[in-house]
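Trainee: Dumping the structure here so I can ask a few things about it.
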Amino acid sequence: MNYADAIPETDAMITNNRGLALMMCFADCVPIFFVDPVKRAIGLAHGGWKGTLKKIAAKTLRRMQDEFGTSPKDCLIGIGPAIGSCCYEVGDAVIDKYKAAFPEHEEILIERAGKNYLDLWRANVLGLQEVGVPQENIDVAGECTCCQKAWYYSYRAANQTGRIAALIALKI
C-alpha cells in the first residue's frame, strides 16, 4: 500500500460495485462497516474523535440512502476494534464538544480518578440509532486496541505511528 495513492482527507467511502474493496487505515480510531443486504451496497467510515463528534456514521448512512436508496432499518453495522473508554483519555476541550453534540447522552463521557475518558463506540452507536438503525443491527467488537496491543496496533500504546487496515467488499 502506498499512502500517496490514497484518496486524501477521506473519512468514509461507499459503493454498490461488486468486487470493489474499500479499505481504510486506523491507529486507534473506530472502523465502522456498513452492509445494506437489500440494496446491495456497502460502506466504511473512520470514526476518530473528530469524525464521531460530527456523526460520520450517520452521515455515511445518509449518503448511502441518497445514492442507493438504503434504509437504515435494513443496514447491518459492524463497529470494529478501537481504543476503548478504558484507555481513551481526553482533555476538557474534547469533553465540552461532546457535551454539546450529545447533550442527552453523557454516558459516553466517563470520569475516573480525576481524568476524562470518551466512549467512541457508544457515541457512534447513538449516532446510528438517531438515524433509524435498530440496536439489534449494530455489532460492536468491544476490543480495545490499546489494551490488546499484542493483537492490534495502537498509537496510544506504542506512542508511534502505525496503522491497522480495515477492508470490506461486496462479493455477490
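The values are calculated or read from the model by the stated rules, or taken from the named source; none is laboratory data. Treat the numbers as computed from the prediction; the structure is a model and nothing was measured. Reconstructed Cβ throughout: ideal geometry from the backbone, glycine too, with neighbour counts over all protein chains shown.
Trainee: Is it the case that Ile95 is within 26 Å of Asp119 (Cβ to Cβ) and either assigned to a strand (DSSP E or B) or touching a helix residue (DSSP H, G or I) at 6+ places or on another chain (Cβ under 8 Å) (or both)?
Mentor: On the way: within 26 Å of Asp119 (Cβ to Cβ): yes; either assigned to a strand (DSSP E or B) or touching a helix residue (DSSP H, G or I) at 6+ places or on another chain (Cβ under 8 Å) (or both): no.
Against the criterion (within 26 Å of Asp119 (Cβ to Cβ) and either assigned to a strand (DSSP E or B) or touching a helix residue (DSSP H, G or I) at 6+ places or on another chain (Cβ under 8 Å) (or both)), Ile95 does not qualify.
Trainee: Among the aromatic types (Phe, Trp, Tyr) and either at pLDDT 95 or above or farther than 29 Å from Ile7 by Cβ (or both): is that true of Trp49 in this structure?
Mentor: Answer is no for this residue.
Trainee: Restricted to the range 1-36, and to residues that are under 29 Å from Asp119 (Cα atoms) and exposed (fewer than 12 other Cβ atoms within 10 Å of the Cβ), which residue is modelled with the highest pLDDT?
Mentor: Result: Thr10.
Trainee: I'd like the residue in the range 66-77 that is surrounded by 17 or more Cβ atoms within 10 Å (Cβ to Cβ) and within 18 Å of the chain's Cα centre (by Cα) and, out of all such residues, is farthest from Val131 (Cα to Cα).
Mentor: Ile77
Trainee: Now for a different question. Looking at (1) more than 29 Å from Trp151 (Cβ to Cβ); (2) in contact with a Cys (Cβ under 6 Å, 6 or more places away or on another chain), which one does Asp74 not meet, given that it meets all the others?
Mentor: All conditions are met except number (2).
Trainee: Please count how many residues of the range 16-47 are out of contact with any Phe, Trp or Tyr (no Cβ under 9 Å at 6 or more places or on another chain) and part of a loop (DSSP other than H, G, I, E, B).
Mentor: The number of residues fulfilling the criteria is 6.
Trainee: Residue pairs, Cβ under 9 Å, 6 or more apart or interchain, first in the range 85-107 and free of Cβ contacts under 8 Å to residues at least 40 places away in the same chain and surrounded by 13 or more Cβ atoms within 10 Å (Cβ to Cβ), second in a helix (DSSP H, G or I) and of a type in the set (Lys, Arg). List them.
Mentor: Ser85/Arg122; Glu89/Arg156; His105/Arg122
Trainee: Is it the case, given these coordinates, that Asn137 is under 13 Å from Cys29 (Cβ atoms) and not acidic (Asp, Glu)?
Mentor: Against the criterion (under 13 Å from Cys29 (Cβ atoms) and not acidic (Asp, Glu)), Asn137 does not qualify.
Trainee: Can you tell me which of Val125, Val133 is surrounded by 16 or more Cβ atoms within 10 Å (Cβ to Cβ), hydrophobic (A, V, I, L, M, F, W, C), in contact (Cβ under 8 Å) with a residue 12 or more places away in the chain and not in a loop (DSSP other than H, G, I, E, B)? Break it down into steps so the answer makes sense when it comes.
Mentor: Details: Val133 fails: not in a loop (DSSP other than H, G, I, E, B).
Exactly one residue qualifies, and that residue is Val125.
Trainee: Follow-up. Counting only residues that are farther than 16 Å from Gly43 by Cα and buried (at least 19 other Cβ atoms within 10 Å of the Cβ), which one in the range 147-168 is modelled with the lowest pLDDT?
Mentor: Among them, the one singled out is Tyr153.
Trainee: Could you go through the range 66-76 and let me know if any residue there is in contact (Cβ under 8 Å) with a residue 24 or more places away in the chain and closer than 23 Å to Glu143 by Cα.
Mentor: Going through the range 66-76, the residues in contact (Cβ under 8 Å) with a residue 24 or more places away in the chain turn out to be 67-76.
If we keep only those that are closer than 23 Å to Glu143 by Cα as well, we get 75-76.
Yes, there is a match, as at least one residue in the range 66-76 is in contact (Cβ under 8 Å) with a residue 24 or more places away in the chain and closer than 23 Å to Glu143 by Cα.
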